[in-house]
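The values are calculated or read from the model by the stated rules, or taken from the named source; none is laboratory data. Model, not experiment: these values are computed from the prediction. Methodologically, a virtual Cβ is constructed for each residue, glycine included, from the backbone with ideal geometry; neighbour enumeration extends over all protein chains shown. The accessibility values were calculated without ligands, DNA or RNA, using every heavy atom of the protein model including side chains. Shrake-Rupley method; radii C 1.70, N 1.55, O 1.52, S 1.80 Å.
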Amino acid sequence: MMRSAPPTFPDFAWEGYFWATSARLRSWSGYQARNGPYGSVSSKSPSDGTVPIQLLREGQSDNRPLSSDEIALVKWAIESETAVHDAVVEGLFERYPTIREQYLDFFDFDDEAEAKKVLPKLQSPVELKKPVGVVSMSVHSIAKDGMPFIGVELGSTWEVEHGVGVLLHGAKVLEIGGADTAFTRWIVRKYVTKE
């Protein structure tokens, strides 16, 4: 009987445009479960921390096998999940009062209860578990100083169409914007060339 080789960790599959895997990142457990279409809420129960992860390359249909360097970038993101999570949450919490003010003006809520549900007042970063959840994590195949560029796409109660994206180099937040901030290559490229 022939034995098959043990699976490599993480175990990747080609998804047509990128290599994909998933990992249970405990730092993200307790947030909204955002596995529905376009990052919509997929369960009334909170997430168990399982996060879809994609390795993004320059060419969208580049399905050649992953290199050991690319796998190492994804492993770095998984093993550094706490630092990445904390940076994302602290960066978003810092920006949230401005976001909240802009969206309250934009939505012009008639019902105060609905405004509190969509844009609750937050006293600490941990309270972001109520209005957001992870849709996916993108690890870009580009590295700088041995650390990957990581994009975290979040679904939120206030931005159901465009989502929220956070781009990091290692565990340092570079930009916060719409969901595309997490996976757009030209945004990453501008930080690769910065000294």
Criterion (under 16 Å from residue 182 (Cβ atoms), at pLDDT below 95 and of a type in the set (Phe, Trp, Tyr)) met by exactly one of 103, 31, 38: 38
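Taking the residues in segment 11-65 that are of a type in the set (Ser, Thr, Tyr) and touching a Pro at 6+ places or on another chain (Cβ under 6 Å) as candidates, determine which candidate is least open to solvent (accessible area, probe 1.4 Å).
Within segment 11-65, the first condition is being of a type in the set (Ser, Thr, Tyr), and the residues that meet it are 17, 21-22, 27, 29, 31, 38, 40, 42-43, 45, 47, 50, 61.
Next, from what is left, pick out any that are touching a Pro at 6+ places or on another chain (Cβ under 6 Å): 21-22.
Values: 21: 19, 22: 63 Å².
In this case the residue turns out to be 21.
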The lone exception for residue 103 - which of (1) under 26 Å from residue 25 (Cα atoms); (2) buried (at least 17 other Cβ atoms within 10 Å of the Cβ) it fails: (1)
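Could you tell me whether segment 151-163 includes any residue that is closer than 28 Å to residue 71 by Cα, open to solvent by 10 Å² or more (accessible area, probe 1.4 Å) and under 13 Å from the mean Cα position of the chain (by Cα)?
Let us first name the residues in segment 151-163 that are closer than 28 Å to residue 71 by Cα, namely 151-155, 163.
Of the ones still in play, those that are also open to solvent by 10 Å² or more (accessible area, probe 1.4 Å) are 153, 163.
Okay, now just the ones that are also under 13 Å from the mean Cα position of the chain (by Cα), so 153, 163.
Yes, some residue in segment 151-163 is closer than 28 Å to residue 71 by Cα, open to solvent by 10 Å² or more (accessible area, probe 1.4 Å) and under 13 Å from the mean Cα position of the chain (by Cα).
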Check on residue 114, over 23 Å from residue 79 (Cα atoms), charged (D, E, K, R), at pLDDT below 95 and crowded, with 17+ Cβ neighbours inside 10 Å: no
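Report the residue count in segment 73-97 for those that are within 19 Å of the chain's Cα centre (by Cα) and either at pLDDT below 95 or not aliphatic (A, V, I, L, M) (or both). Lay out the reasoning, then the answer.
Within segment 73-97, the first condition is being within 19 Å of the chain's Cα centre (by Cα), and the residues that meet it are 73-96.
From the residues that got through so far, the ones that are either at pLDDT below 95 or not aliphatic (A, V, I, L, M) (or both) too are 75-76, 79-82, 85-86, 90-91, 93-96.
Count: 14.
Results for (1) more than 18 Å from residue 72 (Cα to Cα); (2) small (Gly, Ala, Ser); (3) touching a residue at least 60 places away in the same chain (Cβ under 8 Å), shown as yes or no for each residue.
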| residue | (1), (2), (3) |
| --- | --- |
| 126 | yes, no, no |
| 134 | yes, no, yes |
| 145 | no, no, no |
| 158 | yes, no, no |
Search result, residues across segment 160-182 that are in contact with a His (Cβ under 8 Å, 6 or more places away or on another chain) and touching a residue at least 60 places away in the same chain (Cβ under 8 Å): 179
